[in-house]
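Trainee: Take this structure, written in structure tokens, and hold onto it; I'll ask about it next.
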Amino acid sequence: MKQKMAKLLLVVCFGAFLISGCSCLKEDVKVEEPIAPPVKVVEAPPAPAPAPPPAPVVVAPVKEVPVVVPVVAPVVVLQSVYFGFDKYVLTADASDVLKKNADAIKKITSKVQIQGNCDERGSAEYNLALGENRAKTAQKYLITLGVPADRLSVISFGKEKPLDTGHNEAAWAKNRRDDLVILK
Amino acid sequence: MKSALCLIITLLLFPTASFADPSYTEVTAQGNRQVYLAIAPVKNLGGTPNETIAREIGDILKFDLNLAGPFSILTGSANEASSGIRPGEFDFAPWRSIGAAFLIKSGYAITGNSITLEFRMYDVLNGKSLDSKRYTGVLKDLRKMTHTFSDETLFVITGEKGPFTGKITYVSPLSGNKEIFVMDYDGYNVQKITNNGTININPDFSPNGREIIYTSYKKGNPDLYRREITTGVEARISSRQGANITGAWSPDGSRIALAMSKDGNSEIYIIGKNGNELARLTHHEAIDISPSWSPDGSHIAFVSDRLGSPQIFIMDSNGSNLRRLTYDGKYNVNPDWSPKGDRILYSRQEAGGFQIYTISPDGTGNTQLTTDGRNENPHWSPDGRFITFSANPAGGEAIYVMRADGTGKTRVSRNGSRDMQPAWSNHL
């Protein structure tokens, strides 16, 4: 028994020497080369065809008056509708505006995109969803007013496209809106 | 007799046991600043001396290891008679006398466009070498090579590598519209990823760090794209009608959770990395967005306003067992599940600003990490030691990093733009 223990102790001592002591005996630099192979940091190629800038918000009045055409195309103005903070229900004012918009849209044949927007408060992500709800609320109402569904589409810009970049209630109120944009 | 033997074994093995043990020092908390690390002046080891490069190496080490947390960096330098960097080429006593527990010595040798860096880490109290590494590469990889040793240093001290070779992807309106960028975690080597002139948001790294997903309006609808960073090869993986936003890569890299509105309003779905729909997880008329996976992929935290205002919820990753996580505060968003699974970061809108909090997945231990201004979109570093987020202390929004306990808040993006929505990649 004693002998066994002595042996064990010897092994343990030697083991400890091997593990802790050996580092003094040899150069332990691990050459890791090349750590960073001459990786070319490839610049991301520019996007193939730079997308055209976002369609300008085409809100009439249309300036050019057709010269030769006998019947003048109706000049259509679609008004924006506004919402309360963190709300996407239509106010009475918003409903009235949408009724006028519905009449105007029925006079033309173009498609209309409803663009939902939010004020700068709240998170960018939540506002994207909120803006979409605002656009869809207007879309549903326009459909109930008789605008064909296939003439309407929606998109949300969340808080990415403020009309007024101020940081006060006046600016925020302008930014919580749906813009109705006539598509070409 | 037996216990005496055990004692002897323990004593004999002590120096090696501490190597084998994952933590060389007892680092029980972030920001434990009682241990002092000295970083010796960087030495020229051959070739043309270059003071700028020597200073840059030292600055990178100091920046990384100061943020690291387990130690304070000693600002002074020891008065050495001989300042060699290898064992036997210098004396530990002067370092011991200024209070250093650990010491990093390093040197460089430049040949043409190539540089060799040698780093050595010492236990000053025991006068012992802990680690040594030599890296050779081109000069422009100097920062990457030095960050690699910082990662290594944390491994030696704590048993787990640092995240300093990771990258941060983020959104910047630098060029007038929001584009996606990638930079080193400390703000260097800024690389513009998208350049399409529209709105590009919500970037997230794949688990291997080689790809990102992001949402872009470049084709007129907020669609989800997957892009390989180095080659720029890209695929539009979800262009379903309506929103395809807040994509989050699954921990195994095979799937993506995201919010889509194709079925009427914003709901959480899982799609394959090529865009095929795998599952719809939520069915509610309220807004459901911003999914974040638990590290084992079994659960998903997300934001829903189904109870009237945005709050964080958790569900199984098949949509079952839904439960509410946050009860305090009226507006809680941006959940990010920690890499170890034990905490969930989120940001809360309160009193005009946004503050970052963490909470356990069981709803206990809610802890506030920031106090002023607008602090948003918190994301964990891949090792869970640090958090990157956007903040606007002086008006201008920028990308910041801090320790997981909220200490060491440091601005890293420095272009004067309103940088936001950062995510930190694994080692490449």
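Please treat every number below as a calculation from the coordinates, not as lab data. Please read all numbers here as calculations on a predicted model, not as lab measurements. Positions of Cβ are generated from backbone atoms using ideal geometry, with glycine treated the same way; all protein chains shown enter the neighbour counts.
Trainee: Based on Cα coordinates alone, diagonalise the gyration tensor for the range B:140-226, multiply each eigenvalue by 5, take square roots, and list the semi-axes in whole Å, largest first.
Mentor: Equivalent ellipsoid semi-axes, largest first: 31, 14, 8 Å.
Trainee: Follow-up question, since we're still on this one. Given a Förster distance of 45 Å, report the FRET efficiency between B:Asp372 and A:Ser110 from their Cβ-Cβ distance, rounded to the nearest 0.05.
Mentor: Efficiency, from the Cβ-Cβ distance: 0.40.
Trainee: Also: Hey, with R₀ at 56 Å, roughly what FRET efficiency would B:His284 and B:Asn189 work out to, going by the Cβ-Cβ distance, to 0.05?
Mentor: On the way: r = 43 Å, r/R0 = 0.76.
Efficiency, from the Cβ-Cβ distance: 0.85.
Trainee: OK, next. How many angstrom lie between the C-alpha centres of the range B:221-294 and the range A:124-154?
Mentor: Cα centroid to Cα centroid, the span is 21 Å.
Trainee: Okay, next question. Just to check I understand the Karplus step: with θ = phi - 60° and J = 6.51 cos²θ - 1.76 cosθ + 1.60, what whole-Hz values come out for the range B:290-295, glycine and proline as x?
Mentor: Listing the rounded values in order: 6, x, 9, 7, 6, x Hz.
Trainee: What average number of partner chain Cβ atoms lie no more than 10 Å from the Cβ of the residues making up B:196-205?
Mentor: 4
Trainee: Let me ask something else about it. B:Ser238's amide H: which non-local residues (gap 5+, or another chain) put their own amide H closer than 5 Å, with H modeled 1.01 Å from N in plane and none for Pro or chain starts?
Mentor: Amide H neighbours of B:Ser238: B:Leu224.
Trainee: Something else about it: Helix-only estimate, please: 222 nm mean residue ellipticity of chain B, summing -39500 (n - 2.57) across DSSP H runs of length 4 or more and dividing by its residues, to the nearest 500.
Mentor: -4500 deg cm²/dmol
Trainee: Let me ask something else. State the antiparallel share, in %, of DSSP beta bridges confined to the range A:81-182, rounding to the nearest 5.
Mentor: 55
Trainee: Could you give the nm distance between label points at A:Lys184 and A:Lys161, where each point is 7 Å from its Cα heading toward the beta carbon?
Mentor: 1.6
Trainee: Restricting things to alpha carbons, find the Rg to Rh ratio for the range B:248-383 using the Kirkwood radius for Rh.
Mentor: Value, to two decimals: 0.95.
Trainee: How big is the charge dipole of chain B about its Cα centre, in debye rounded to the nearest 20, if each Lys and Arg gets +1 on its Cβ and each Asp and Glu gets -1 on its Cβ?
Mentor: Magnitude of the dipole: close to 480 debye.
Trainee: Quick one: divide the alpha-carbon radius of gyration of the range B:25-158 by 2.2 N^0.38 Å and tell me what you get.
Mentor: 1.01
Trainee: I'm a student and want to see the number: the projected area of the Cα convex hull of the range B:276-334, averaged over all directions, in nm². Walk me through the intermediate numbers first.
Mentor: On the way: hull surface 17.3 nm².
Average projection, Cα convex hull of the range B:276-334: 4.3 nm².
Trainee: GNM, chain B, Cα, under 10 Å: largest mean-square fluctuation among B:Ser216, B:Ser290, B:Ser114?
Mentor: Greatest mean-square fluctuation among the candidates belongs to B:Ser114.
Trainee: Taking 1 over the mean of 1/r across every pair of different Cα atoms in chain B, what Kirkwood radius in Å do you get?
Mentor: It works out to 23.3 Å.
Trainee: Let me check against my output: what whole-number percent is the relative contact order of the range B:156-255, with C-alpha pairs under 8 Å and at least 6 apart?
Mentor: 18
Trainee: Next question, about the same structure. For the residues A:Val76, B:Val124, B:Val171, what sequence is obtained by ranking on other C-beta atoms within 10 Å, fewest first?
Mentor: Ranked by crowding around the Cβ, least crowded first: A:Val76, B:Val124, B:Val171.
Trainee: Using each residue's phi in the range A:147-162, evaluate 6.51 cos²θ - 1.76 cosθ + 1.60 at θ = phi - 60° and report the 3J(HN,Hα) Karplus result to the nearest Hz, with x for Gly and Pro.
Mentor: Along the range A:147-162, the couplings run 6, x, 4, 6, 9, 10, 9, 10, 8, 10, 9, x, 9, 7, 10, x Hz.
Trainee: Applying 1/(1 + (r/R0)^6) with R0 = 25 Å to the Cβ-Cβ distance of B:Val156 and B:Asn50, what FRET efficiency is obtained, to the nearest 0.05?
Mentor: Efficiency, rounded to the nearest 0.05: 0.35.
Trainee: Got a sec? Charge dipole of the range B:167-424, +1 on Cβ for Lys and Arg, -1 for Asp and Glu; which of B:Ser292, B:Ile314, B:Gly176 is way out at the positive end?
Mentor: B:Gly176
Trainee: Work through the residues other than B:Ala259 whose Cβ is under 9 Å from its Cβ and net out their charges, Lys, Arg +1 and Asp, Glu -1.
Mentor: So the surrounding residues net to -3.
Trainee: Can you find, among B:Ile110, B:Gln191, B:Thr215, the residue farthest towards the positive end of the dipole of chain B? Put +1 on the C-beta of Lys and Arg, -1 on that of Asp and Glu.
Mentor: Checked the options; the winner is B:Ile110.
Trainee: So for the range A:81-182, what are the equivalent ellipsoid semi-axes in whole Å, largest first, each being the square root of 5 times an eigenvalue of the Cα gyration tensor?
Mentor: So the equivalent ellipsoid measures 24, 13, 11 Å along its semi-axes.
Trainee: How well do other chains shield peptide A:114-126, expressed as the mean number of their Cβ atoms within 10 Å of each residue Cβ? Present the calculation step by step, with values, prior to reporting the outcome.
Mentor: Numbers: counts 0, 0, 0, 0, 0, 0, 1, 4, 5, 15, 12, 18, 13.
Mean number of neighbouring Cβ atoms from other chains: 5.
Trainee: On to the next question. Past the 28 Å Cα-Cα mark, which pairs from A:Lys159/B:Lys161; A:Lys161/B:Lys144; A:Lys100/A:Lys161; A:Lys140/A:Lys184; B:Lys219/B:Lys409?
Mentor: Beyond 28 Å between Cα atoms: A:Lys159/B:Lys161; A:Lys161/B:Lys144; B:Lys219/B:Lys409.
Trainee: Pop out the ³J(HN,Hα) list for the range B:174-186 in order, Karplus 6.51 cos²θ - 1.76 cosθ + 1.60 with θ = phi - 60°, rounded to Hz; leave Gly and Pro as x.
Mentor: Calculated HN-Hα couplings, in order: 3, 8, x, 10, 7, 10, 8, 10, 10, 9, 4, 4, 9 Hz.
Trainee: Lys/Arg Cβ at +1, Asp/Glu Cβ at -1, dipole of chain B taken about the Cα centre: which of B:Phe386, B:Tyr400, B:Phe302 is farthest positive-ward?
Mentor: Result: B:Tyr400.
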